[in-house]
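The values are calculated or read from the model by the stated rules, or taken from the named source; none is laboratory data. Remember, it's a predicted structure, so these values are computed and weren't measured experimentally. For neighbour counting, all protein chains shown are included, and Cβ atoms are generated from backbone atoms with ideal geometry for every residue, glycine included.
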């Protein structure tokens, strides 16, 4: 079935272009269920008509697109949100609102098609009872990276930042290790005052000599060669995690 899409933009020409592009999308096909020139019109339409997705501009008179997105999240069955804007600086806020995608104008057909495919996959996953993957949003050299939390092997506090390590590469995250521990306690284990490791990645506990702390213990993880020091305070918790 075709995706039912609401186009929200205060510029008639922008809405017309999106309508044309949606008509050219084929897999999945999409139908423009309605148009709105501002947030109030969009909310009024969605109270009367159920849609699969909203193509949403950020800068509009009155309540902006980010405000509307927050209101949509509170609906019993919220539509998927794809931001379509000429401004790239709101990408992080958009993804924090769980937007499916963030398209910059002028929108290219292939990018819109990719966004619709994401919407379809999300709908199929929800219908099958499959939980959507939890995502970390990381600023990397001027772009926003979406890193699935299940790919993270460890978080390590270094100076004012957190190193986020996956099997493929490292990222730098501006965050608090204690906040990450509280938010992801089910997935990550504290091994040291400066490190959390993914429980699923713990491979072994080994004797280790640290130049600063002397003889001690370290944890070896699947996916990386690096050993992470285990503090005496956390040693029993790590042993328990390995044996469970």
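Residue check: residue 215 meets all listed conditions (1) within 18 Å of the chain's Cα centre (by Cα); (2) without any contact (Cβ under 8 Å) to a residue 12 or more places away in the chain but one, namely (1).
Looking for something out of contact with any strand residue (DSSP E or B) (no Cβ under 7 Å at 6 or more places or on another chain), over 19 Å from residue 107 (Cα atoms), outside any strand (DSSP E or B) and at pLDDT below 95 - is there at least one such residue anywhere in the range 1-11? Scanning the range 1-11 turns up at least one residue that is out of contact with any strand residue (DSSP E or B) (no Cβ under 7 Å at 6 or more places or on another chain), over 19 Å from residue 107 (Cα atoms), outside any strand (DSSP E or B) and at pLDDT below 95.
Restricting 177, 159 to those that are without any contact (Cβ under 8 Å) to a residue 24 or more places away in the chain, on the phi > 0 side of the Ramachandran plot and within 27 Å of the chain's Cα centre (by Cα) reduces the list to 159. Hey, any hits in the range 201-212 for a residue that's under 24 Å from the mean Cα position of the chain (by Cα) and either touching a residue at least 40 places away in the same chain (Cβ under 8 Å) or under 22 Å from residue 139 (Cβ atoms) (or both)? Looking through the range 201-212, at least one residue is under 24 Å from the mean Cα position of the chain (by Cα) and either touching a residue at least 40 places away in the same chain (Cβ under 8 Å) or under 22 Å from residue 139 (Cβ atoms) (or both).
Filtering the range 199-227 to residues that are in a strand (DSSP E or B) and under 19 Å from residue 186 (Cβ atoms) leaves 202, 219, 221. Scanning the range 163-178 for residues that are under 14 Å from residue 198 (Cβ atoms) and in a strand (DSSP E or B) turns up 163, 164, 165, 166. Going residue by residue through the range 28-43, is there one that turns out to be in contact (Cβ under 8 Å) with a residue 60 or more places away in the chain, in the same structural domain as residue 74 (by TED's automatic domain parsing) and in contact with a helix residue (DSSP H, G or I) (Cβ under 8 Å, 6 or more places away or on another chain)? For the range 28-43, residues in contact (Cβ under 8 Å) with a residue 60 or more places away in the chain, in the same structural domain as residue 74 (by TED's automatic domain parsing) and in contact with a helix residue (DSSP H, G or I) (Cβ under 8 Å, 6 or more places away or on another chain): present.
Of the residues making up the range 49-92, those that are part of a helix (DSSP H, G or I) and either touching a residue at least 40 places away in the same chain (Cβ under 8 Å) or at positive phi (or both) are 65, 68, 91, 92. Filtering the range 102-123 for residues that are under 18 Å from the mean Cα position of the chain (by Cα) and assigned to a loop (DSSP other than H, G, I, E, B) leaves an empty set.
Condition check ((1) modelled with pLDDT of 85 or more; (2) out of contact with any strand residue (DSSP E or B) (no Cβ under 8 Å at 6 or more places or on another chain)) across all residues:
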residue	(1), (2)
132	no, yes
139	no, no
149	yes, no
156	yes, no
159	no, yes
166	yes, no
173	yes, no
179	yes, yes
186	yes, yes
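Exactly one residue out of 178, 236 is more than 30 Å from residue 89 (Cα to Cα), surrounded by fewer than 16 Cβ atoms within 10 Å (Cβ to Cβ) and not assigned by TED's automatic domain parsing to the domain that holds residue 90: that is 236. State whether the residues of the range 36-44 include one that is more than 16 Å from residue 115 (Cβ to Cβ) and in a strand (DSSP E or B). The answer is yes, given that some residue of the range 36-44 is more than 16 Å from residue 115 (Cβ to Cβ) and in a strand (DSSP E or B).
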